[in-house]
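This report refers to the structure that appears directly beneath it.
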Amino acid sequence: MDPYDMEGGAINVRFLNADSTRANFLIQNFDLATANSLRRVMLAEVPTIAIDVVEVLDNTSVLADEFICHRLGLIPLNSTNVDDLLASRDCDCDGYCELCSVVLMLDAKCTGNDIMKVYARDLVVSEGRPNEEIGLPVITDPDGLGSIIVKLRRGQSIKMKCVAKKGIAKEHAKWAPSAAIGFEYDPNNKLRHLDYWFEEDPIKEWPKNEENANIDGIPQEGEPFDYDAVPTRFFFDVETVGGLEPDQIVLQGIKVLQRKLAGIIGDLTGTEETNGVDGYGGGQSPQMNGGQGYGAPEQGYTTPYGNTSTWGGGGGTTPYGATPYGGGGGNPW
């Protein structure tokens with residue numbers, strides 16, 4: 001079967017490699033626009049949780065408050081079931097509360113002569129979370145320490161109250177669920193969408209992903225070029241920062257994309273609910289069409305020059321003859 005033949009069957013997903021930090025999979029019988037939309041959504045619009053507000057209670061380290069706050073914001077936090085949290089803009093609280101945030105405390109003081117290192121493991125999560133996993137610092141190193149935050153000398157201390165909130169990477173990179181997302185649809189350049197610049201040998205200077213290239217099928221010498229071919233198989237490589245597992249990033253990306261499409265359909269149709277997807281309602285003007293909103297028959301309006309102008313049926317008569325829009329009220333012009 002031609003790998004670029006859209007008539008080859010239904011959409012098919014094939015996992016090539018997968019573990020807790022990375023997933024490499026292939027989607028077949030897909031189209032480029034939808035595949036790239038999924039990639040962009042996974043990068044920028046999958047919700048996660050990250051430290052957003054820091055109250056500095058004490059800091060006698062050599063690092064400035066702003067520098068430490070920035071480091072705290074970039075520490076990945078467990079975002080499992082993040083939908084249990086409300087977004088701050090949707091919460092009625094004044095600042096933050098248990099419904100829209102998770103509070104972490106950082107309290108450390110060096111009392112010995114050796115340099116003390118403060119790690120992500122020293123962040124203590126407060127009670128009142130919607131579930132037992134959300135907001136915990138992601139720790140993957142063998143020693144169970146996590147990211148280093150600051151170093152303290154004897155007598156130095158740090159005490160900060162960190163408020164983690166829900167957000168997306170489109171607002172700030174600290175909410176990004178993925179470190180990188182690899183994406184390609186033509187590893188052998190069969191479609192010739194790329195014109196590689198090279199000095200001596202393009203094969204050596206532009207190495208291929210051999211696994212993807214072999215799956216795609218190595219082009220044969222003298223193989224005729226199909227000018228009508230379009231890409232229908234797409235290779236994804238999703239790497240997580242730890243807050244969400246790779247498969248959850250993909251599933252949440254699909255969910256977000258469905259919501260966005262449902263919102264567009266709802267706005268265009270003016271319906272209260274679109275296919276039961278989160279009850280997206282369509283926006284419509286209550287003043288348009290006699291209060292009936294979009295989709296109702298045009299009622300027309302009376303011009304200051306007399307007569308009623310109708311746009312959809314009815315039309316008018318001009319001094320130059322009947323208009324091509326149908327019959328109806330007269331037009332003094």
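Kindly evaluate Lys204 against the criterion of being at pLDDT below 95, over 26 Å from the mean Cα position of the chain (by Cα) and open to solvent by 100 Å² or more (accessible area, probe 1.4 Å). Don't jump to the end; show me each part of the working.
Working: at pLDDT below 95: yes; over 26 Å from the mean Cα position of the chain (by Cα): yes; open to solvent by 100 Å² or more (accessible area, probe 1.4 Å): yes.
Taking the combined requirement at face value, the residue satisfies it.
Would you mind telling me which numbered condition in (1) over 28 Å from the mean Cα position of the chain (by Cα); (2) open to solvent by 90 Å² or more (accessible area, probe 1.4 Å) Lys190 fails?
(2) is the only condition that Lys190 fails.
Test each condition in (1) surrounded by fewer than 20 Cβ atoms within 10 Å (Cβ to Cβ); (2) outside any strand (DSSP E or B); (3) touching a residue at least 40 places away in the same chain (Cβ under 8 Å); (4) out of contact with any helix residue (DSSP H, G or I) (no Cβ under 7 Å at 6 or more places or on another chain) for His70 and report the one that comes out false.
Result: His70 passes all but (3).
More than 18 Å from Asn36 (Cα to Cα), among the aromatic types (Phe, Trp, Tyr) and open to solvent by 40 Å² or more (accessible area, probe 1.4 Å), is that true of Trp175? Quick ask: steps written out before the conclusion?
Values: more than 18 Å from Asn36 (Cα to Cα): yes; among the aromatic types (Phe, Trp, Tyr): yes; open to solvent by 40 Å² or more (accessible area, probe 1.4 Å): no.
For Trp175, the condition - more than 18 Å from Asn36 (Cα to Cα), among the aromatic types (Phe, Trp, Tyr) and open to solvent by 40 Å² or more (accessible area, probe 1.4 Å) - is not met.
Yes or no: Leu261 more than 30 Å from Ser178 (Cβ to Cβ), in a helix (DSSP H, G or I) and at pLDDT below 95? Write out each step before concluding.
Values: more than 30 Å from Ser178 (Cβ to Cβ): no; in a helix (DSSP H, G or I): yes; at pLDDT below 95: yes.
So Leu261 does not fit the description; no.
Spot the failing condition for Phe234; the list is (1) open to solvent by 30 Å² or more (accessible area, probe 1.4 Å); (2) aromatic (Phe, Trp, Tyr); (3) in the same structural domain as Asn17 (by the TED database), and only one is missed.
(1)
Restricting to segment 78-87, name every residue that is open to solvent by 30 Å² or more (accessible area, probe 1.4 Å) and closer than 16 Å to Glu45 by Cα. So that I can check it myself, show each step before the final result.
First, the residues of segment 78-87 that are open to solvent by 30 Å² or more (accessible area, probe 1.4 Å): 78, 80-81, 83-84, 86.
If the condition is that a residue be open to solvent by 30 Å² or more (accessible area, probe 1.4 Å) and closer than 16 Å to Glu45 by Cα, then Thr80, Asn81, Asp83, Leu86 are the ones that fit.
Would a scan of segment 113-133 turn up a residue that is buried (at least 20 other Cβ atoms within 10 Å of the Cβ), assigned to a loop (DSSP other than H, G, I, E, B) and out of contact with any Lys or Arg (no Cβ under 6 Å at 6 or more places or on another chain)?
Yes, some residue in segment 113-133 is buried (at least 20 other Cβ atoms within 10 Å of the Cβ), assigned to a loop (DSSP other than H, G, I, E, B) and out of contact with any Lys or Arg (no Cβ under 6 Å at 6 or more places or on another chain).
If we scan segment 178-187, do we find a residue that is at pLDDT below 95, exposed (fewer than 14 other Cβ atoms within 10 Å of the Cβ) and within 23 Å of Gly73 (Cα to Cα)?
For segment 178-187, residues at pLDDT below 95, exposed (fewer than 14 other Cβ atoms within 10 Å of the Cβ) and within 23 Å of Gly73 (Cα to Cα): present.
Among the residues of segment 24-47, write down those that are among the hydrophobic types (A, V, I, L, M, F, W, C) and touching a Leu at 6+ places or on another chain (Cβ under 8 Å).
The initial filter retains those residues of segment 24-47 that are among the hydrophobic types (A, V, I, L, M, F, W, C), namely 25-27, 30, 32-33, 35, 38, 41-44, 46.
Passing the criteria: Phe25, Leu26, Leu38, Val41, Val46.
If the requirement is being of a type outside the set (Lys, Arg), open to solvent by 20 Å² or more (accessible area, probe 1.4 Å), over 30 Å from Leu136 (Cα atoms) and in a helix (DSSP H, G or I), which of these qualifies: Glu211, Glu223?
None of the other options fit; the residue is Glu211.
Kindly check whether there is at least one residue in segment 40-59 that is open to solvent by 60 Å² or more (accessible area, probe 1.4 Å), at pLDDT 90 or above and over 27 Å from the mean Cα position of the chain (by Cα).
yes
The values are calculated or read from the model by the stated rules, or taken from the named source; none is laboratory data. All values derive from a computational prediction rather than experimental measurement. Counting neighbours? That spans all protein chains shown, and the Cβs are built from the backbone with ideal geometry, glycine included. Just so you know, the surface numbers come from the protein's heavy atoms only, side chains and all, with ligands and any DNA or RNA stripped out. Shrake-Rupley method; radii C 1.70, N 1.55, O 1.52, S 1.80 Å.
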